[in-house]
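Trainee: Here you go, one structure.
The values are calculated or read from the model by the stated rules, or taken from the named source; none is laboratory data. These numbers come from a predicted model, not from an experiment. Note that we place each Cβ from the backbone using ideal geometry, even for glycine, and neighbour counts take in every protein chain shown. Calculation scope for accessible area: heavy atoms of the full protein, side chains included, ligands and nucleic acids excluded. Shrake-Rupley method; radii C 1.70, N 1.55, O 1.52, S 1.80 Å.
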Amino acid sequence: MNSDELMKRPLEMLEEIRAFEAKDAEELERFRVRFLGAKGLVKELSAAFRDLPGELKKEYGQRVNAVKKAAEEKVASGRLRFGEKKGKKKADADLSRPVQAFQPGSRHPISLITDEIIDLFRNIGFNVAEGPEIEDDWHNFTALNLPPEHPARDMQDTFFIQRDPDLVLRTHTSPVQIRYMEKHKPPIRIIAPGRVYRVDNDSTHSPVFHQVEGLYVAENVSFAELKQTLYYFVQRMFGEDVEVRFRPSFFPFTEPSAEMDIAWKKGGEKKWMEIMGCGMVDPNVLKNCDIDPDRYTGYAFGMGVERIAMLKYKIRDIRTFYENDIRFISQFKSAR
Ligand code: DAH
């Protein structure tokens, strides 16, 4: 073949490729072998490269590349139409292949920690109580000594889902205290785990998070008992040598009120993380539930489950819990 003929061949092939329409997978495969196979036409065209004079080589190379690309595109689009079968038809299933081992899932760290908290309090006589996540104003605020317009309502940025009468996504698990005391008389000793909601979003706050509430109401309940109960809890949860501190605080539903912090290390430096609020149940709250505050006293606490899990598992960003990255959530094992 002279140079002219050689230069024309890729153009003829391009036309052939463009006109080609496979009617089934077998025909497509024959097309593939003819153009792109080890001894196919593209190989043959490439081999002719060396027979051309230097000034034509560049142009020729581009034409051969165009042929190769067009053939590959035909094959790819044909495979989409006929399915992915490559080469010889394979048996539909290999019946001798071993079955895949069943992969048991793992529980979410928030569920694990919640259950651990429940277990620890069950051991010392607390029962589990639950309440709704959509709450009315009375249970979420007013009965907890947070009347309408009380500035302390600002501490909890609320998702209102209805006004007048107000319905909210509960901002804490404390309304379960009210619901329980409306139905039961002392002695009362409950914990209430559950989801709560606030308009809040950063590395230590999530708009949906979890709390466990505690309530103990009986005759002669003292602040010393509250402290001892919480020491018992944190020592079991974090180990005997855990370092804690109580800070005076304010909550409308307890008097006096405190917050409990746990020490953690950040590069050798001691830091404190707040894990719960607590205090002695305010007499007004007992009255709102028809419990005589002259006869009964009580303590209450509310802890953040995520905060406890972050401390226990050394997790820096609360959002990690909700990304549902299997590599993260499959690392946690039940302590039970
Ligand atoms: N409900 C409070 C909050 O979400 C936490 C809390 C503080 C609960 C003191 C209590 C308590 O039961 O006594 O911020």
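Trainee: Please go through the range 253-278 and pick out each residue that is more than 14 Å from the ligand (Cβ to nearest atom) and in a strand (DSSP E or B).
Mentor: Within the range 253-278, 262, 263, 264, 265, 266, 269, 270, 271, 272, 273 meet the criteria.
Trainee: What pairs can you find where one residue is in the range 127-146 and part of a helix (DSSP H, G or I), the other is among the charged types (D, E, K, R) and at pLDDT below 95, and their Cβ atoms are less than 8 Å apart, with a gap of 6+ or different chains?
Mentor: Close Cβ pairs satisfying both conditions: 137/166.
Trainee: Kindly indicate the residue of the range 299-326 that is within 13 Å of the ligand (Cβ to nearest atom) and in contact with an Asp or Glu (Cβ under 9 Å, 6 or more places away or on another chain) and also farthest from residue 110 (Cα to Cα) among those meeting that condition.
Mentor: Of all residues in the range 299-326, those within 13 Å of the ligand (Cβ to nearest atom) come to 299-307.
Subsequent filtering for residues that are in contact with an Asp or Glu (Cβ under 9 Å, 6 or more places away or on another chain) retains 299-304, 307.
Details: 299: 25, 300: 22, 301: 19, 302: 16, 303: 13, 304: 10, 307: 10 Å.
Here the residue is 299.
Trainee: Under the condition of being in contact (Cβ under 8 Å) with a residue 24 or more places away in the chain and of a type in the set (Val, Ile, Thr), which residue from the range 217-261 is nearest to residue 151 (Cα to Cα)?
Mentor: 254
Trainee: Exactly one condition in (1) at pLDDT 95 or above; (2) crowded, with 19+ Cβ neighbours inside 10 Å is false for residue 293; which is it?
Mentor: Among (1) at pLDDT 95 or above; (2) crowded, with 19+ Cβ neighbours inside 10 Å, the lone unmet condition for residue 293 is (2).
Trainee: Anything in the range 279-298 that is free of Cβ contacts under 8 Å to residues at least 40 places away in the same chain and within 15 Å of the ligand (Cβ to nearest atom)? List them, or say none.
Mentor: Within the range 279-298, the first condition is being free of Cβ contacts under 8 Å to residues at least 40 places away in the same chain, and the residues that meet it are 283, 287, 292-294.
Answer for the range 279-298, where residues must be free of Cβ contacts under 8 Å to residues at least 40 places away in the same chain and within 15 Å of the ligand (Cβ to nearest atom): just 283.
Trainee: Going by the conditions given, is residue 250 within 16 Å of the ligand (Cβ to nearest atom), over 28 Å from residue 183 (Cβ atoms) and either surrounded by fewer than 21 Cβ atoms within 10 Å (Cβ to Cβ) or assigned by TED's automatic domain parsing to the domain that holds residue 138 (or both)?
Mentor: Working: within 16 Å of the ligand (Cβ to nearest atom): yes; over 28 Å from residue 183 (Cβ atoms): yes; either surrounded by fewer than 21 Cβ atoms within 10 Å (Cβ to Cβ) or assigned by TED's automatic domain parsing to the domain that holds residue 138 (or both): yes.
Yes: the conditions hold for residue 250.
Trainee: Next question. Which condition does residue 227 not pass, out of (1) surrounded by 15 or more Cβ atoms within 10 Å (Cβ to Cβ); (2) within 28 Å of the chain's Cα centre (by Cα); (3) among the charged types (D, E, K, R), if it passes all the others?
Mentor: (2)
Trainee: Then there is this: From the set of residues in the range 296-334 that are within 27 Å of residue 246 (Cβ to Cβ) and open to solvent by 80 Å² or more (accessible area, probe 1.4 Å), which is nearest to the chain's Cα centre (by Cα)?
Mentor: Checked the range 296-334; the qualifying residue nearest to the chain's Cα centre (by Cα) is 316.
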